[in-house]
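*Asks:* Mind looking over this structure? Questions follow.
The values are calculated or read from the model by the stated rules, or taken from the named source; none is laboratory data. Computed from a prediction, not measured in an experiment: that's the story for all the values here. All Cβ positions, glycine included, derive from the backbone under ideal geometry; neighbour counts span all protein chains shown. Quick note on the areas: whole protein, heavy atoms, side chains included, nothing else; ligands and nucleic acids left out. Shrake-Rupley method; radii C 1.70, N 1.55, O 1.52, S 1.80 Å.
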Number of protein chains: 2
Amino acid sequence: MASSTEQKVLEPAAGPAEAEALGFRPLYRQVRDRLIRRLVDGVWSPGEPLPSEIQLAAELGVSQGTVRKALDAMAAENLVVRRQGRGTFVARHDEERIMFQFFKLVGDDGARSFPVSTVLSLSQGRSNARERQALGLSKDARVIRIRRLRSIAGRPAIVEDITLPEAMFPGFAGMEIPNNLYGLYAMHFGITIASTREQLKAVAISEVDAVALGAPAGTPALKIDRLALSLERQPVEWRVSVCLTDQLHYLSELR
Amino acid sequence: MASSTEQKVLEPAAGPAEAEALGFRPLYRQVRDRLIRRLVDGVWSPGEPLPSEIQLAAELGVSQGTVRKALDAMAAENLVVRRQGRGTFVARHDEERIMFQFFKLVGDDGARSFPVSTVLSLSQGRSNARERQALGLSKDARVIRIRRLRSIAGRPAIVEDITLPEAMFPGFAGMEIPNNLYGLYAMHFGITIASTREQLKAVAISEVDAVALGAPAGTPALKIDRLALSLERQPVEWRVSVCLTDQLHYLSELR
DNA sequence: AAGTGGTCTAGACCACTTC
DNA sequence: AAGTGGTCTAGACCACTTC
């Protein structure tokens with residue numbers, strides 16, 4: 001029972017000054033932060049089970065209920081998946097999950113088919129001003145640039161320009177580029193995309209995009225400007241997708 | 001303590017056959033459903049406080065923890081607002097809330113200004129096939145149709161076609177049409193919009209929309225096809241908005 | 001049968017608001 | 001000081017999965 005008058009603290013995770021500035025910080029929050037720390041450090045890999053609630057509670061010196069609250073919060077953030085009778089697992093970035101979590105384009109017939117991708121170009125170099133602004137990079141930072149065409153049901157539908165901070169992806173250039181990039185980030189670089197911020201606009205497609213998509217220049221298209229953030233809320237990827245929406249739409253469900 | 005081997009049930013809310021089909025239905029779920037029932041019945045009005053957790057627990061014959069879990073679920077669904085030290089309140093459909101919850105258009109400078117609206121036309125009549133399909137209406141159902149122009153920062157930006165089932169909005173024709181329709185639905189008709197499903201496409205604006213918006217026909221625009229659902233998940237409003245996105249964008253944040 | 005997460009209770013104490 | 005929701009604990013039992 002919490003019978004002292006002091007707030008229970010797991011460890012001096014934050015410096016004393018910082019702790020004061022933060023004010024009250026519940027135990028389950030501290031547990032969550034520590035478990036996320038471990039996810040970031042790769043203590044458990046995607047798909048692997050975490051220790052059971054009882055084990056974690058014993059190890060951290062808190063009640064099972066507090067661990068449960070921390071894990072429930074992490075499940076709500078899509079960082080872990082809980083399965084009754086089986087355990088709690090580190091979330092995986094496989095196609096199924098990505099499809100529902102971050103890929104919002106749906107066929108007008110309701111079909112959710114994951115697009116097939118063809119890389120059009122891959123390069124590395126000094127970042128320009130817009131790239132630095134989007135990704136929050138410093139002046140001399142270098143970036144990796146990928147341009148690819150994505151087809152849905154055999155039909156070119158999306159051209160994508162992807163920009164990555166080179167420093168976060170050492171050895172990227174020599175790799176095979178898979179269709180599902182977020183899975184690659186997780187598997188080979190230990191980077192988990194935890195959230196995205198998308199800005200949508202309607203545009204007329206440019207000459208160069210028109211060629212790639214096989215549609216007349218000037219055709220209206222949906223431009224999706226996406227910034228993807230890591231678990232630590234650090235910008236990881238900037239992606240601009242130009243989508244033909246004559247046979248598909250962007251689905252947004254709000255509550 | 002739950003020492004019997006039977007599942008605790010609040011009341012025969014669901015018929016026996018239905019209960020079997022549903023399988024296990026936790027107590028807090030039953031509490032939530034009963035409280036939502038009361039919201040639907042207008043037992044408490046938007047902005048009003050609910051009884052305290054302790055009072056509800058005593059009244060319903062469950063523990064405070066179970067009531068808390070039900071109220072937390074309702075807060076996650078944006079049906080109530082919880083304020084430490086003050087109480088739990090029925091969510092209100094005022095501009096601030098709508099702005100963040102359902103209105104996703106943001107100025108490119110980051111400003112979230114709620115648009116000013118001008119009604120272009122208002123009519124009632126027999127529903128057509130598309131309207132019936134969108135709203136799930138029967139063959140002879142009548143609808144109310146509103147067309148309006150919305151301006152942001154003094155600039156025409158959106159033309160909207162709104163369709164409502166006439167049966168759900170008796171006396172609507174004689175009313176003043178406010179800028180915030182969802183507030184009107186809540187206040188005068190006891191209908192709370194609990195969720196929406198939006199489908200976005202890029203289109204070229206039609207001649208008639210071009211006139212309303214003061215832009216050349218063929219200009220690319222964002223078409224938002226929105227279905228709004230009540231607390232009981234019944235379709236309440238079908239709204240098609242055509243938006244000029246040269247100075248604003250649709251913001252979607254995914255986790 | 002054993003182990004996991006899920007539900008439910010009871011009770012203590014805390015943070016915050018209002019009077 | 002009194003009342004509210006928020007946190008935390010301990011413990012019982014349930015639903016579900018695996019062996």
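*Asks:* Being farther than 21 Å from A:G183 by Cβ and assigned to a loop (DSSP other than H, G, I, E, B) is the filter; apply it to region A:31-63 and report the residue that is least open to solvent (accessible area, probe 1.4 Å).
*Replies:* Step one: of region A:31-63, the residues farther than 21 Å from A:G183 by Cβ are A:31-35, A:37, A:51-63.
After this cut, where a residue has to be assigned to a loop (DSSP other than H, G, I, E, B) as well, the list is A:51-52, A:61-63.
Values: A:P51: 38, A:S52: 55, A:G61: 43, A:V62: 18, A:S63: 65 Å².
Among residues in region A:31-63 that are farther than 21 Å from A:G183 by Cβ and assigned to a loop (DSSP other than H, G, I, E, B), the one least open to solvent (accessible area, probe 1.4 Å) is A:V62.
*Asks:* So which pairs qualify, if the first residue must be in region B:57-73 and farther than 16 Å from B:R37 by Cα, the second must be open to solvent by less than 20 Å² (accessible area, probe 1.4 Å) and near DNA strand D (Cβ under 8 Å from one of its atoms), the Cβ gap must be under 7 Å, and the two must be at least 6 apart or on different chains?
*Replies:* From residues that are farther than 16 Å from B:R37 by Cα, there are no pairs.
For (1) open to solvent by 40 Å² or more (accessible area, probe 1.4 Å); (2) at pLDDT 95 or above, each residue gets a yes or a no:
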| residue | (1), (2) |
| --- | --- |
| A:P165 | no, yes |
| A:G174 | yes, no |
| A:L200 | no, yes |
| A:A204 | yes, yes |
| A:A210 | no, yes |
| A:P216 | yes, yes |
| A:A228 | no, yes |
| A:E232 | yes, no |
| A:T245 | no, yes |
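*Asks:* Also, I was wondering about something else. Under the condition of being basic (K, R) and assigned to a loop (DSSP other than H, G, I, E, B), which residue from region B:229-255 is nearest to B:T192 (Cα to Cα)?
*Replies:* It comes out as B:R233.
*Asks:* List every residue pair whose Cβ atoms sit under 7 Å apart, with the two residues 6 or more apart in sequence or on different chains, where the first one lies in region B:187-201 and is away from chain A (no Cβ under 14 Å) and the second, anywhere, is crowded, with 21+ Cβ neighbours inside 10 Å.
*Replies:* B:I191/B:Y185; B:I191/B:V236
*Asks:* Additional query: For region A:228-241, name all the residues that are more than 10 Å from chain B (Cβ to nearest Cβ) and over 12 Å from A:P165 (Cβ atoms).
*Replies:* A:L231, A:E232, A:R233, A:R239, A:V240, A:S241, listed by residue number.
*Asks:* Could we say that A:Q84 is polar (S, T, N, Q), within 14 Å of chain B (Cβ to nearest Cβ) and within 12 Å of DNA strand D (Cβ to nearest atom) here? Don't jump to the end; show me each part of the working.
*Replies:* Working: polar (S, T, N, Q): yes; within 14 Å of chain B (Cβ to nearest Cβ): yes; within 12 Å of DNA strand D (Cβ to nearest atom): yes.
Taking the combined requirement at face value, the residue satisfies it.
*Asks:* Looking at (1) within 29 Å of B:R142 (Cα to Cα); (2) within 12 Å of chain A (Cβ to nearest Cβ), which is the only condition B:L251 fails?
*Replies:* Only one criterion is unmet by B:L251, namely (1).
*Asks:* Do the conditions hold for B:D72, that is, is it at pLDDT 90 or above, in contact with a strand residue (DSSP E or B) (Cβ under 8 Å, 6 or more places away or on another chain) and more than 16 Å from DNA strand C (Cβ to nearest atom)? Spell out how you get there, then give the answer.
*Replies:* Details: at pLDDT 90 or above: yes; in contact with a strand residue (DSSP E or B) (Cβ under 8 Å, 6 or more places away or on another chain): yes; more than 16 Å from DNA strand C (Cβ to nearest atom): no.
Criteria not met by B:D72.
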